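So the structure is just underneath, and the comments pick up after that.
The values are calculated or read from the model by the stated rules, or taken from the named source; none is laboratory data. Not measured: the values here are computed from a predicted model. Cβ placement follows ideal geometry from the backbone for every residue including glycine, while neighbour counts extend to all protein chains displayed. For accessibility, only protein heavy atoms count, side chains too; no ligands or nucleic acids. Shrake-Rupley method; radii C 1.70, N 1.55, O 1.52, S 1.80 Å.
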Amino acid sequence: MNRIRTAIASILMLGAFILVPKASSSYGVEVNHLGFNNTLVRITGEGRYVLLPIQESNDDARIAILADGKTDRTINVKLAKSKVDYFVPLDLAPYKGHNVLLNIVTTQDRSNIREAEDDACWKNIILDDTFDTSNREKFRPVFHHTPLYGWMNDPNGMFYKDGVWHLYYQWNPYGSKWQNMAWGHSSSKDLLTWEHHPVAIEANGLGTVFSGSSVVDVKNTAGFGENAVVALYTSADVSQIQSLAHSTDDGQRFEIYPANPVITLDSEARDPNMFWDADNNCWVLSLAHAIDHEMLFFTSPDLKDWTLQSSFGKGSGAQGGVWECPDLFKLKVDGTDEEKWVLVCNINPGGPFGGSATQYFIGDFDGKTFRADTDVSGNIPTKWMDYGKDHYATVSWSDSPDNRRTLIGWMSNWQYAAEVPTIQYRSANTLPREAGLFKAADGQIYMSSAPSPELIALRDRQVVKINNKSVGKKAREFSLPVTNDGVCEILLDIDCKKSVSVDIKISNKENECVTLIYNIPDHTLSFDRRESGIVDFSLDFPAVTVAPTFENDNKIALRIFIDKSSMEVFGNDGKFVMTNLVFPTEPYSTLSISAHGGSAKIRSLKVFSIKEL
């Protein structure tokens, strides 16, 4: 019997093309229409995947997956009505040897059953052994983690064990918009290259799988075995409750705890994040009391029985949106023996430039209660981890080596995440970052986020090297790499002397550009992406973001990572960071630098091309 091969529908963004299936969808698939809005699809042939045709603009269809007549699970999929945008795979491997039936209920209005039969999805459903995940996206990043396909948002459940960094993430494997939340899973030995694994935790009767955390239970406190990986996550349905799962194969497969849920409240709470408190010999958990704008703190001896100890946050910091994705950890202040606690609090909306962002608080934690530091006026200041628009849900890996506190975020913004010009996948993660603490001139302690040391290995060929060059109103121009679609790393160290501002422009031949302006009197760096390329998919996307530079000597050192659809600007060893998406129609090719109100000196400029990973 002829097997249907890699005929996967996809769209190259900018309205490009769609691959048409090479064979009739009748092979191995029987379609029976029961009425205007109800259809049964019976799998009669053999194949690893049912390839479901998707139309992003359509309403959700509810698909109940039955094995031997019993409902196993239900998913929501935007099945194609008038056109096929792309396909998503329903993996049949778990149902091998069983009779599989899809009971599909659609919501769109129809006048008769003949109209229902004409929907594009029914004649385009495919049964096949393969699903082609080859990249078809112009803007898929070269050196940032992305899912192979489907929607991704919050990173969660991350842990390090035996030389491997495990990254879990909120994933919809059945479309490129938020839906059907499960934990996707990737792993890496170098934080640069990622191996993709099957879904780790899927929805069950308690709800879909929202964010959470994982730990290595070295002492077997939970009774699942020494060094078992234990995950705590939010089960989300009508209510939000906290569920437990464990893995004895290093996080590849999780077994759901039969006595779930382990934490219930009478109000909305989510995104549990836990760590072992060696000083008090117990587990500590932070939980976002989302719409109450506070974090709750629990303790437990065994990861199963949790006691509420305290709360923090009402009236503190940014209060404009829901509080989500907490993290709590201790760091040393640079150059001192002082230790302080950092409470990470992601917020949406309410970020400094609209939409979602990551705020944090510096303070003390005694094992039960967090107390934030105040400023000279006695107020708790609002502090931001990143001054771009595309940095959210940032949390850290547990059990990182060498006492590192390594973090990663979701590189998008809820204002437009579902509208960005990609379709095979949506969203990437930020580059991994190392957290530190420093004391600024105002006497406050702030958190730095420096690029993780592994990122040095991205560098390929040094294409620009300049030292001690003066610059004035007439811009100096430098060519950026053209290989590997122009992705590169820029290191720029400027002494502004008596100039008022320095303009740094990154542009292409289409006159699309990002402009960075270092304002010396204000001690700020701005990032203007209003003319960066494709910006018209959302009114909230064209924007200027501004960061404090935390310097007082008119000198600034920037480390800029340019990928195919993003820029991350790290300033002064990570004392400030700006992460912003960009979608140029062709790669940026020119770097120009000019000074205004006086001359400046380029103390050092280095540009590296990036290796193909």
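Looking at Ile456, Ile466, just one residue is more than 28 Å from Pro542 (Cβ to Cβ), of a type in the set (A, V, I, L, M, F, W, C) and without any contact (Cβ under 8 Å) to a residue 60 or more places away in the chain, and that residue is Ile456.
For the subset of the stretch 473-491 comprising residues that are of a type in the set (Gly, Ala, Ser) and surrounded by 15 or more Cβ atoms within 10 Å (Cβ to Cβ), which member is nearest to Ala557 (Cα to Cα)?
Of the stretch 473-491, the ones of a type in the set (Gly, Ala, Ser) are 475, 479, 486.
Next cut, surrounded by 15 or more Cβ atoms within 10 Å (Cβ to Cβ) only: 475, 486.
Numbers: Ala475: 19, Gly486: 22 Å.
Step by step, filter the stretch 473-491, then rank; the result is Ala475.
Flag: Asp522 matches the condition of being open to solvent by 40 Å² or more (accessible area, probe 1.4 Å), at pLDDT 95 or above and either part of a loop (DSSP other than H, G, I, E, B) or not aromatic (Phe, Trp, Tyr) (or both). Checking each residue of the stretch 426-440 against the condition of being part of a loop (DSSP other than H, G, I, E, B), among the β-branched types (Val, Ile, Thr) and either open to solvent by 10 Å² or more (accessible area, probe 1.4 Å) or at pLDDT below 95 (or both) gives no match.
Of everything listed in (1) open to solvent by 20 Å² or more (accessible area, probe 1.4 Å); (2) assigned to a strand (DSSP E or B), the single unmet condition for Leu605 is (1).
Would you confirm whether or not the stretch 442-457 contains a residue that is part of a strand (DSSP E or B), surrounded by fewer than 21 Cβ atoms within 10 Å (Cβ to Cβ) and aliphatic (A, V, I, L, M)?
Within the stretch 442-457, one or more residues are part of a strand (DSSP E or B), surrounded by fewer than 21 Cβ atoms within 10 Å (Cβ to Cβ) and aliphatic (A, V, I, L, M).
For the stretch 574-598, filtered to residues that are among the polar types (S, T, N, Q) and in contact with an Asp or Glu (Cβ under 9 Å, 6 or more places away or on another chain), the residue that is surrounded by the fewest Cβ atoms within 10 Å (Cβ to Cβ) is Thr585.
Residue by residue through the stretch 176-212, note down the ones that are of a type in the set (Asp, Glu) and part of a loop (DSSP other than H, G, I, E, B).
Our first condition is that a residue be of a type in the set (Asp, Glu); within the stretch 176-212, this holds for 190, 195, 202.
Residues satisfying the conditions are Asp190, Glu202.
Please go through the stretch 391-419 and pick out each residue that is within 14 Å of the chain's Cα centre (by Cα) and β-branched (Val, Ile, Thr). Result: Thr394, Val395, Ile408. Filtering Ile43, Ile104, Ile75 for residues that are under 17 Å from Lys177 (Cβ atoms), at pLDDT 95 or above and surrounded by 17 or more Cβ atoms within 10 Å (Cβ to Cβ) leaves a single hit, Ile75. Can you confirm whether Val535 is part of a loop (DSSP other than H, G, I, E, B) and either surrounded by 15 or more Cβ atoms within 10 Å (Cβ to Cβ) or among the hydroxyl-bearing types (Ser, Thr, Tyr) (or both)? Yes. A residue that is surrounded by fewer than 19 Cβ atoms within 10 Å (Cβ to Cβ), in a loop (DSSP other than H, G, I, E, B) and touching a residue at least 60 places away in the same chain (Cβ under 8 Å) can be found somewhere in the stretch 558-573.
Elements of the type strands (runs of 3 or more DSSP E) sitting completely within the stretch 113-175 and holding at least 1 residues that are open to solvent by less than 10 Å² (accessible area, probe 1.4 Å) and either touching a Cys at 6+ places or on another chain (Cβ under 6 Å) or among the aromatic types (Phe, Trp, Tyr) (or both): these cover 150-161, 164-172.
Any residue in the stretch 413-442 that's more than 21 Å from Tyr149 (Cα to Cα) and among the aromatic types (Phe, Trp, Tyr): show its pairings with residues that are part of a loop (DSSP other than H, G, I, E, B) and open to solvent by 10 Å² or more (accessible area, probe 1.4 Å) at Cβ separation under 7 Å, as long as the two are six or more apart or on different chains. Matching pairs, first to second residue: Phe438/Asp334; Phe438/Lys575. Would you mind stating whether Val514 is under 17 Å from Asp386 (Cβ atoms) and touching a Lys or Arg at 6+ places or on another chain (Cβ under 7 Å)? So Val514 passes the test. In the stretch 293-335, the residue that is nearest to Ser400 (Cα to Cα) out of those that are open to solvent by 50 Å² or more (accessible area, probe 1.4 Å) and outside any loop (DSSP other than H, G, I, E, B) is Lys330. Restricting Gly367, Gly354 to those that are outside any strand (DSSP E or B) and open to solvent by 10 Å² or more (accessible area, probe 1.4 Å) reduces the list to Gly354. Looking across the stretch 371-398, the residues that are acidic (Asp, Glu) and buried (at least 18 other Cβ atoms within 10 Å of the Cβ) come down to Asp386, Asp390.
Every condition in (1) over 23 Å from Ile560 (Cα atoms); (2) in a strand (DSSP E or B) holds for Ser377 except the one numbered (2).
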